[in-house]
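See below for the structure under consideration.
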Amino acid sequence: MVRRSAPAAGARTSGDAYLPEHGNGGYRVRHYDLELDYRIGANRLSGRARIDAVATQALSRFSLDLAGLKVGRVLVGGRPARYAHRGHKLAITPARSLADGEEFTVEVRYSGNPRPLASRYWDEIGWDELSDGVLVAAQPIGAPSWFPCDDHPSAKATYRVALTTASAYSVYVTGTPVSRQRSASTTTWVYEQHAPTATYLMSVQIGRYTELEPGPGQRLAVPPRLQARAEADFARQPRMLEVLADLFGPYPFAEYVVVVTDDDLDDPVEAQGMAVFGANHVDGGRTHERLVVHELAHQWFGNSLTVAGWRHIWLNEGFATYAEWLWSQASGGRPAGEHARYWRGVLAERPGLRLADPGVAGMFDEGVYKKGALLLHALRGELGDETFFGLLRAWTDTHRHATVTTEQFTALAARHAARPLDAFFTTWLEETALP
């Protein structure tokens, strides 16, 4: 795991260059245990979060990210702690200071009406009511809308989530289903996520769904009215998984769950071992199949390998976009080189961006996606197929379930090339103009 630089004792900042107000310093979370009760009609969430962490420096106080919900009690090591909750920062002062390296547990009781977080750069992000259910899409700042956390992509931890809601609804949480217990009119669903997971990749989906099995280890939750369309649109997903596993290495999680909401969404959303599509993304004609493979590819690039900081976002989006082009060729469509030529022409007519550091406002710019994919195609040309795909498999294997940086990728590429690639990467990553 890549550690962020340690702030001063008690400092409440991640030090992230793009989103310093999200994430916290001085400790590392190992495990979240969440007990949640959600009333759908009232949009009322009650929660108990138990967080196991270790101090990475001496701490007289520390902070968590939590927004829009009221805190009722905070315990540290089983003892009441003082706290102040302003904005989306929950500042906690334990009864005694924590020593460097000390393991400790925080318990937070909270409740309220969850809602997405507003941002100056993106639409509202987080826990969101649907017409009849819930969608949680947290990238990059939405996790604090539903649980107290260290909200930074490098702060990966394991999870247990127990969620109780009306029995008429199905509940999907990122992780492995452990149990489901019905009591009167409600059902408690319990999921465990054993793979280290960033907070933004934790998701909850609640709705009236029919469950299908497109292939081994795959589940598809879909509103009954959309079942036939979804069966057609995701029919080739098992083959996609085989193709990507051959190119990138073994699928990194226990299963893959796709949820199709009964509402429209602007874009699909990836979570750990999960992807969420809107009703508008299924039409029975495989119109949006490139998005199906894009979200699947994120399970390797973004979820198993998670960026150590947001400036490295091209390692998520460039790789997932290149997977679209590779699948296109493997499934009998346009070759990857044809996609590359087309998008190079498109980007040449637009203002350039610095791929290694696109800026917070440019994190999800189309140029990050397409220029990142163009870099990979150009690198493939430099190395040849055998070395290039060997590099990608080594990349996913070496950093499985860890965090990654651009510098780690360029160093690994140079080792596989057995020659310096400094000029190549400087041109593609640091210069705004297309090579």
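The values are calculated or read from the model by the stated rules, or taken from the named source; none is laboratory data. Please read all numbers here as calculations on a predicted model, not as lab measurements. Reconstructed Cβ throughout: ideal geometry from the backbone, glycine too, with neighbour counts over all protein chains shown.
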- Matching residues in the stretch 26-44 - criterion: being assigned to a loop (DSSP other than H, G, I, E, B) and either among the charged types (D, E, K, R) or not assigned by TED's automatic domain parsing to the domain that holds A195 (or both): none
- Item | Filter result (more than 19 Å from A348 (Cβ to Cβ) and either surrounded by fewer than 12 Cβ atoms within 10 Å (Cβ to Cβ) or without any contact (Cβ under 8 Å) to a residue 12 or more places away in the chain (or both)) within the stretch 412-435 | A414, R415, A418, R419, P420, D422, A423, T426
- Could you tell me whether E242 is modelled with pLDDT of 95 or more, closer than 13 Å to A323 by Cα, of a type in the set (D, E, K, R) and out of contact with any Phe, Trp or Tyr (no Cβ under 9 Å at 6 or more places or on another chain)? yes
- Query: Any residue at all in the stretch 118-134 that is modelled with pLDDT of 95 or more, closer than 22 Å to E255 by Cβ and either assigned to a strand (DSSP E or B) or in the same structural domain as A55 (by TED's automatic domain parsing) (or both)?
  - Reply: yes
- Return the only residue of G77, G87 being under 21 Å from G142 (Cα atoms) and out of contact with any Gly (no Cβ under 9 Å at 6 or more places or on another chain). G87
- Message: Looking for something over 17 Å from N316 (Cα atoms), part of a helix (DSSP H, G or I) and aromatic (F, W, Y) - is there at least one such residue anywhere in the stretch 332-345?
- Response: yes
- Item | Candidates G362, G352, G372, G367 - the one that is surrounded by 15 or more Cβ atoms within 10 Å (Cβ to Cβ), of a type in the set (G, A, S) and touching a Ser or Thr at 6+ places or on another chain (Cβ under 9 Å) | G372
- Considering each of A411, A394, A378 in turn, give the residue that is under 16 Å from G318 (Cα atoms) and either within 25 Å of the chain's Cα centre (by Cα) or assigned to a helix (DSSP H, G or I) (or both). A378
- Task: Considering only the stretch 147-181, state which residues are in contact (Cβ under 8 Å) with a residue 60 or more places away in the chain, over 19 Å from S111 (Cα atoms), assigned to a strand (DSSP E or B) and polar (S, T, N, Q).
- Result: T158, T176
- Item | Residue pairs meeting the criteria (Cβ under 6 Å; at least 6 apart or on separate chains; first closer than 23 Å to G133 by Cβ, in the stretch 41-66; second among the polar types (S, T, N, Q)) | N43/N113; S46/S111
- Message: Every residue in the stretch 381-411 that is surrounded by 15 or more Cβ atoms within 10 Å (Cβ to Cβ) and aliphatic (A, V, I, L, M), please.
- Response: L383, L391, L392, A394, A402, V404
- Task: Return a yes/no flag: does the stretch 200-219 have any residue that is small (G, A, S) and surrounded by 20 or more Cβ atoms within 10 Å (Cβ to Cβ).
- Result: yes
